[in-house]
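The values are calculated or read from the model by the stated rules, or taken from the named source; none is laboratory data. Keep in mind that what you see is a predicted model, and the values were worked out from it rather than measured. Note that we place each Cβ from the backbone using ideal geometry, even for glycine, and neighbour counts take in every protein chain shown.
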Amino acid sequence: MELHEYTQYDAMGLADLVARGEVTAAELTGAALAAMTAVNPRINAVVESWPAEDAPVPGSTPLAGVPFLIKDLAVSMKGKRVESGSRLAAGNVAGQDSFLMRRFRRAGLVTLGRTGTPEFAFSTTTEPLLYGATRNPWDPTRTPGGSSGGSAAAVASGITPLAHATDAAGSIRVPAAGTGLFGLKPTRGRVSLGPEADEVFNGLAVHGGLSRTVRDSAALLDLIQGPESGDPYFAERPRRPYLDEITRSPGRLRVGLVTTPWSGRAVEPAVHEATLAAARLLESLGHTIEVTTVELGVSWEEFVLANARLWCANLAQWIDALAGASGRPVDETTVEPEMLASNAWGLKVSGAEFVDALAVRNRVARAIGAHFETWDALVTPTLPEVPVALGTYGRGAEHADGLGWVEHLFHRSPFTAAFNVAGTPAMSVPLGSDPDTGMPIGIQFAAGYGREDLLFRLAAQLEQAAPWAHRRPAVWAGGDTACAGERP
């Protein structure tokens, strides 16, 4: 299979070719590795690759035989390294498959490597010292976002049509917005985080994926959702497969439009206009749009402080465990400056402060949840700006403590984290682009707890009304960039 043929298809399209015997899974693997060879040196999305281990049964699932990549964090593949983007964990080899990895195997996905992440996924850019910065395929001088930036860059450039991602404050939606992909953050408890963890960052983090089409993300979530033994809680199983949902009309929705972030920071004009254009598109599809204000239940300062306490206290425990396992010191030779500062700050979080942060999580979850008694969905920009130049995140952060670093990150991504704290699903849809740079602009949609079904229906409707999968970045494995920068 030639690269220009391979990159024409989404994941389900490739699986269908395998099911019908037109190509083999081995041929798809060869094409994916060739794509990696062609573009990865320019974007540094994949930090390690390996030969295919699994031989999936053609047609056994909607994704059987599809080349796949896992993020270098929170998922363990037996015998493969998982280093969380950190020198402290360099060389760490997983002794067993995590529950999610077992589901990836049962889904028939052929995992060929791991993708770059910032150290401990503690950023919304992907610029770790361990493996170096991942570059945006639309403009390699810019960040693809993070923390699932490696997965986003790999999918956006055509290496694989689908890749694993995680999201604790926007890490699926942020890189989806920055690289022109579809990314849905599932409901808290939808996908198991075990067996090594019952919850990550006290329920803020979830597993998911990044894709170029809505149906690929729907198929993936169908195959990985559901509880495992020992999980502390789980979301109610969906009434029908998400692949069925994308064939159903969302009906006439009442949608609340939010264009100003809780932090009050300015939104770039191109992003603001793209959000208004998305609202007009929704109206043309029969939905009711009203400008609204969404209350967090706490002040922005309280919100950031509570997140910083949860993040940094968890980070401190994580770093301590890695140091104990590796025998390495925790200093500038093993841990990046922002993480050293966050670790030191996290060690000072008291038990009472930690419990208070959990109480803030509860107040935010109740406040956000109440809005979905009025609105079927909320729409916001995913990010307040187009992807920034690599190196931007580090400027001015050299002397920040843990709270200062989280404040810095939330300034860059002020729209996304509230839905992690609330535990509700949210997605970034690539509906816009910057007229000056051609960079993608993502629009975020959020719904009530357990309502991925509604978001998938709406996403499929938007995809049909304003298709995006034909758009190509400057770095594209298929070789045809004639559509690069094309406006939706």
Going through region 14-58 in order, the residues found to be among the charged types (D, E, K, R) and under 29 Å from residue 117 (Cβ atoms) are 42, 48, 53, 54
Which condition number does residue 96 fail, the rest of (1) surrounded by 24 or more Cβ atoms within 10 Å (Cβ to Cβ); (2) of a type in the set (S, T, N, Q); (3) outside any helix (DSSP H, G or I) being met? (1)
Please enumerate the residues belonging to region 329-379 that are of a type in the set (S, T, N, Q), crowded, with 19+ Cβ neighbours inside 10 Å and within 19 Å of residue 299 (Cα to Cα). none
From the list 190, 142, exactly one residue is among the basic types (Lys, Arg) and over 16 Å from residue 225 (Cα atoms). Which is it? 142
Mind telling me which of the residues 340, 315, 322 ends up being within 20 Å of residue 421 (Cα to Cα) and assigned to a helix (DSSP H, G or I)? 315
Within region 392-401, can one find any residue that is among the β-branched types (Val, Ile, Thr) and touching a Leu at 6+ places or on another chain (Cβ under 8 Å)? no
What are the residues in region 234-277 that are assigned to a helix (DSSP H, G or I), over 23 Å from residue 372 (Cβ atoms) and among the β-branched types (Val, Ile, Thr), if any? 271
Subset of region 201-233 [surrounded by fewer than 20 Cβ atoms within 10 Å (Cβ to Cβ), touching a Ser or Thr at 6+ places or on another chain (Cβ under 8 Å) and assigned to a loop (DSSP other than H, G, I, E, B)]: 227, 228, 231
Determine the pairs where a residue that is within 18 Å of residue 466 (Cα to Cα) and at pLDDT 95 or above, located within region 278-295, has a partner that is among the polar types (S, T, N, Q) and assigned to a strand (DSSP E or B) with Cβ atoms under 9 Å apart, the partner being 6 or more residues away or on another chain. 282/288
Exactly one of 175, 144 is closer than 23 Å to residue 311 by Cα, in a helix (DSSP H, G or I) and in contact with a helix residue (DSSP H, G or I) (Cβ under 6 Å, 6 or more places away or on another chain), and that residue is 175
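For (1) free of Cβ contacts under 8 Å to residues at least 24 places away in the same chain; (2) touching a Ser or Thr at 6+ places or on another chain (Cβ under 8 Å); (3) under 29 Å from residue 79 (Cα atoms), each residue gets a yes or a no:
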{"site": "3", "(1), (2), (3)": "no, no, no"}
{"site": "11", "(1), (2), (3)": "no, yes, yes"}
{"site": "21", "(1), (2), (3)": "no, no, no"}
{"site": "27", "(1), (2), (3)": "no, no, yes"}
{"site": "35", "(1), (2), (3)": "no, yes, yes"}
{"site": "38", "(1), (2), (3)": "no, no, yes"}
{"site": "46", "(1), (2), (3)": "no, yes, yes"}
{"site": "50", "(1), (2), (3)": "no, no, yes"}
Requiring at least 1 residues that are of a type outside the set (D, E, K, R) and under 15 Å from the mean Cα position of the chain (by Cα), the helices (runs of 4 or more DSSP H) wholly within region 366-471 are 417-422
Options 302, 385, 353: the member that is within 30 Å of residue 138 (Cα to Cα) and in contact (Cβ under 8 Å) with a residue 24 or more places away in the chain: 385
